[in-house]
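Colleague: Below is one structure. I have some questions about it.
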Amino acid sequence: MSTIPSLAVLGDVVAAYQAGTAGDAEAAKSCCAVVYGIDLVGLFLGESYHPGGVELTRRLAELLALEADHHVLDVASGVGTTAVLLAAERRACVVGIDLGAAQVARAATRATAAGVADRVRFEVGDAERLPFDDGTFDVLVSECAFCTFPDKPTAAREAARVLRPGGRLGLTDVWLHPDRLEPDLSNIAGRIACIADARPIPEVRALLEAAGLRVDHVERHDDVLAATVELVATRLRALRLLDLPLLRSFDLRRAIDITRSVGDVVARGDAGYLALVATKP
């Protein structure tokens, strides 16, 4: 998907969300899918599109004791960084699903370029309605995505459903004390920034346990979120100074303000980043 059509679609989706012409949950998911399908997003977030990058993905694979030929589902797989890494370095067999058709296409291209197209495939799919039979996967991973799912209890139940008994769930994600969030981040911009609907760590645990999973391990990586916010802020300021014609339809000043607000929340210790592993008994 080219960048300019993506920007036009994004404007329509955001307008629909703000006007309430679409259901809030579906509009929120559509906005996130469109935003992360824009090529320029990679300039802001880096290759992995999530805090911690490939090093945190490797840490998650270690925590999961991921082995060759494990069948893995990567939920909200984006442009395929995590899935391709697990297929290449761990020799896992991976299926990636994402709401964005543009991301799915780019992920498939990435898998082919990495020489792992025989071990990983991508398709369009919704975390709240996983298109797989019960007990299909040994492992399910999701990086910086659970915080964006509007119906988290359903997403948790779906994750548990498609895991086999003894299967493991691995998340890396934003956590937040929501009662300390500024009002200007409690909207669609905050959702796209992966913070508006993030939950506290105890609530994340409770959601997974209510879905029938046993949380085995949680560790905090708050520093990687702070580093990502600073990276995004620096790149947004640089792009604003460049004044590229392609970016004039973006409100870069507003994006910088939002990023600054997110940075303040993280600096206060009211938000951070976690890695979590759970098991289906």
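No value in this document is a laboratory result; all are computed from the given coordinates. Predicted model, so just to flag it, every value in this text is computed and none were measured. With ideal geometry, Cβ positions are generated from the backbone for all residues, glycine too; neighbour counts draw on all protein chains shown.
Colleague: Across region 74-189, what fraction of all alpha-carbon pairs, as a whole percent, falls in each successive 10 Å bin from zero upward?
Modeller: 14, 42, 31, 11, 2
Colleague: Moving to a separate point now. Rounded if a/c is under 1.5, else prolate if a/b beats b/c, else oblate: with a ≥ b ≥ c from the C-alpha gyration tensor eigenvalues square-rooted, which is region 117-173?
Modeller: Cα axes put region 117-173 in the rounded bin.
Colleague: Here's a follow-up. Please state the shape class of region 121-228: rounded when a/c is under 1.5, otherwise prolate if a/b exceeds b/c and oblate if not, all from the C-alpha gyration tensor.
Modeller: Prolate, since a/c reaches 1.5 and a/b exceeds b/c.
Colleague: Compute the distance in nm between two label points, each set 7 Å from the Cα along the Cα-to-Cβ direction, one at Ala88 and one at Arg268.
Modeller: That separation, rounded to one decimal, is 4.0 nm.
Colleague: Give a residue-ordered list of calculated ³J(HN,Hα) values for region 136-151 (Karplus: 6.51 cos²θ - 1.76 cosθ + 1.60, θ = phi - 60°; whole Hz; x for Gly, Pro).
Modeller: Here the 3J(HN,Hα) series is 7, 10, 7, 9, 10, 10, 7, 10, 6, 9, 3, 5, 8, 6, x, 10 Hz.
Colleague: Could you list Ser142, Ser261, Ser77 so that the one with the fewest beta carbons within 10 Å of its beta carbon is first and the one with the most is last?
Modeller: Result, fewest neighbours first: Ser261, Ser142, Ser77.
Colleague: Scan around Gly96 for amide H atoms under 5 Å from its own, H built in the peptide plane at 1.01 Å from N, and keep only partners 5 or more places away or cross-chain.
Modeller: Distant-sequence amide H within range of Gly96: Asp74, Arg121, Phe122, Glu123.
Colleague: Further question on the same structure: Can you tally the net charge around His217? Count Lys and Arg as +1, Asp and Glu as -1, for every other residue whose Cβ sits under 12 Å from the Cβ of His217.
Modeller: Summing Lys/Arg as +1 and Asp/Glu as -1 gives +2.
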